[in-house]
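The values are calculated or read from the model by the stated rules, or taken from the named source; none is laboratory data. These numbers were taken from a predicted model, which means no experiment stands behind them. We place every Cβ from the backbone using ideal geometry, glycine too, and count neighbours over all the protein chains shown.
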Amino acid sequence: MSSSVQRKRIRKDPAARRAEIVAAAAAVALAEGLECVTLRRIAEELAVRPGLISHYFPSVEDLVAEAFGSAATGELDRLLPAGRATPTPTEQLARFLAHTSGQAYDAISRLWINARHLSRYRPVLRDRVAEQEAAWRDRLERLVQDGVDAGEFVTDDPVAVAVQILVVLDGLGVHANTATPRRPAAVLRMPLTTAERELGLRPGTLDQATG
């Protein structure tokens, strides 16, 4: 007489499973590019069948957009926490600028380059890129406004300052895909120089705030 007991498969909560899929897709996007985010590839990453991935994301375009959005949001929350992790707006801005340059930031720079290129042909991704651009701009604008309210920054147009800083960061970010080992110090410091000039800060203030 057989006494074998069939194991019960433990099913994950749908929200948890979806979050797991998005996290895996975001990791692949950051490491290898959005083109590598396919239903089959993410299924392999999670050791599940492709049908499970397509159950949550019938269209791979939706998964690609979610992967980008998740990675970009995660980076924004790390660089500019909504709760203001540091004591002053000046210190928060200095921290943000210190972490948005150099090799540590290259992965997210490559992802933005990748997403903007692909968004020319993918409407769903294009909408997500626009959404993330607005989120980054709004978060930085709020920080600038906080600094104005605290008497640390001087500007009549926090939106314009936020956009200028992000444009400079985007400009430097395009080098993430090229071998430029020796960039002039003045070029590397352009985001800080721009912020100090536009916010009425003494030159060097944002360097000292990170020390």
Using the structure shown, decide if Ala65 is farther than 28 Å from Pro184 by Cβ and assigned to a helix (DSSP H, G or I).
yes
Quick one: is Ala43 in contact with a helix residue (DSSP H, G or I) (Cβ under 9 Å, 6 or more places away or on another chain) and at pLDDT 95 or above?
yes
For Thr180, only one of the following conditions fails: (1) modelled with pLDDT under 95; (2) farther than 21 Å from Ala71 by Cβ; (3) outside any loop (DSSP other than H, G, I, E, B). What is its number?
(3)
Please work out if Ala150 is within 24 Å of Phe68 (Cα to Cα) and touching a helix residue (DSSP H, G or I) at 6+ places or on another chain (Cβ under 8 Å).
no
When you go through (1) modelled with pLDDT under 95; (2) more than 30 Å from Pro203 (Cα to Cα) one by one for Ser109, which number turns out not to apply?
(2)
I need the full set of residues from segment 99-142 which are buried (at least 19 other Cβ atoms within 10 Å of the Cβ), among the aliphatic types (A, V, I, L, M) and within 28 Å of Ala209 (Cα to Cα), in order please.
Ile108, Leu140
Taking segment 143-192 and the residues there that are of a type in the set (Val, Ile, Thr) and crowded, with 17+ Cβ neighbours inside 10 Å, the one that is nearest to Ala107 (Cα to Cα) would be Val168
Within segment 10-47, the residues that are of a type in the set (Lys, Arg) and within 16 Å of Val60 (Cα to Cα) are Arg18, Arg40, Arg41
Quick check, is Arg95 modelled with pLDDT of 95 or more, of a type outside the set (A, V, I, L, M, F, W, C) and over 25 Å from His117 (Cβ atoms)?
no
Look through segment 42-82, keep the residues that are among the charged types (D, E, K, R) and surrounded by fewer than 18 Cβ atoms within 10 Å (Cβ to Cβ), and return whichever of them is farthest from Ile108 (Cα to Cα).
Arg49
